[in-house]
1. Criterion first (modelled with pLDDT of 95 or more and under 30 Å from GLN118 (Cβ atoms)) does SER73 satisfy it?
2. Of (1) in contact with a strand residue (DSSP E or B) (Cβ under 7 Å, 6 or more places away or on another chain); (2) buried (at least 18 other Cβ atoms within 10 Å of the Cβ), LEU34 satisfies all except one. Which?
3. Which residues, taken from region 48-105, are without any contact (Cβ under 8 Å) to a residue 24 or more places away in the chain, polar (S, T, N, Q) and open to solvent by less than 50 Å² (accessible area, probe 1.4 Å)?
4. In the set GLY124, GLY86, which member is farther than 21 Å from LEU12 by Cβ, modelled with pLDDT under 95 and of a type outside the set (Ser, Thr, Tyr)?
5. List, please: which pairs have Cβ atoms under 8 Å, are six or more places apart or on different chains, and start with a residue in region 120-147 that is closer than 25 Å to PRO75 by Cα and end with one that is polar (S, T, N, Q) and part of a strand (DSSP E or B)?
6. Take VAL44 and tell me if it is within 19 Å of GLY106 (Cβ to Cβ), open to solvent by less than 60 Å² (accessible area, probe 1.4 Å) and among the β-branched types (Val, Ile, Thr).
7. Would you tally the residues in region 80-103 being of a type in the set (Gly, Ala, Ser) and farther than 24 Å from PRO22 by Cα?
8. Among the residues of region 2-23, count how many are open to solvent by 50 Å² or more (accessible area, probe 1.4 Å) and under 19 Å from TYR88 (Cα atoms).
Amino acid sequence: GHLGQSLWLRELHGREEGPPPPVDLAAERRNGELVRALIGDSLVTAVHDVSDGGLLVALAEMAMAGDIGADLSLPADANPFGEDQGCYIVTTADAGAVTARAQAAGVPVAVLGETSAQRCLTLGGETVDLSTLRAAHEAFLPELMAR
């Protein structure tokens, strides 16, 4: 959960400081090869990296793109806006198979929740409608340009 030089730090706190996330090229390659293999074997239905905005931004973008909600639970040590390198979110119909493949490849893995037909994201008892997320997302650039 690296916040140095992150969008969260810049946009919400007006600061550009701290070191960026460390880059581990071996881990980047290993993780990327795993994701590519999962896609090739049709084990995942969607993939998004967390390097631009962090875990919650990636989850929100995935939910809006697919118009699918999710009920989520983040690991206690997860920073929801940390911009880590070589970290991906995947959706799958077979979490057991994906977890086993990740573990066999030496890639850390955590199940974050389940997708839902409900068009909302739920995390820690808090729920936000996808329509609310979409309105904020689509209004950002026009509002910025109007300044």
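1. no
2. (1)
3. THR99 - this is the single residue of region 48-105 that is without any contact (Cβ under 8 Å) to a residue 24 or more places away in the chain, polar (S, T, N, Q) and open to solvent by less than 50 Å² (accessible area, probe 1.4 Å).
4. Residue meeting the stated conditions: GLY86.
5. Once the first residue is closer than 25 Å to PRO75 by Cα and sits in region 120-147, its partners that are polar (S, T, N, Q) and part of a strand (DSSP E or B) give CYS120/THR127; LEU121/THR127; THR122/SER116.
6. yes
7. 5
8. Looking only at that region, the number is 6.
The values are calculated or read from the model by the stated rules, or taken from the named source; none is laboratory data. This one's a predicted model, so the numbers in the text were calculated from it and none came from an experiment. Quick reminder, even Gly has a Cβ in these numbers, built from the backbone with ideal geometry, and neighbours come from all protein chains shown. Accessible surface areas use protein heavy atoms only, side chains included; no ligands, DNA or RNA. Shrake-Rupley method; radii C 1.70, N 1.55, O 1.52, S 1.80 Å.
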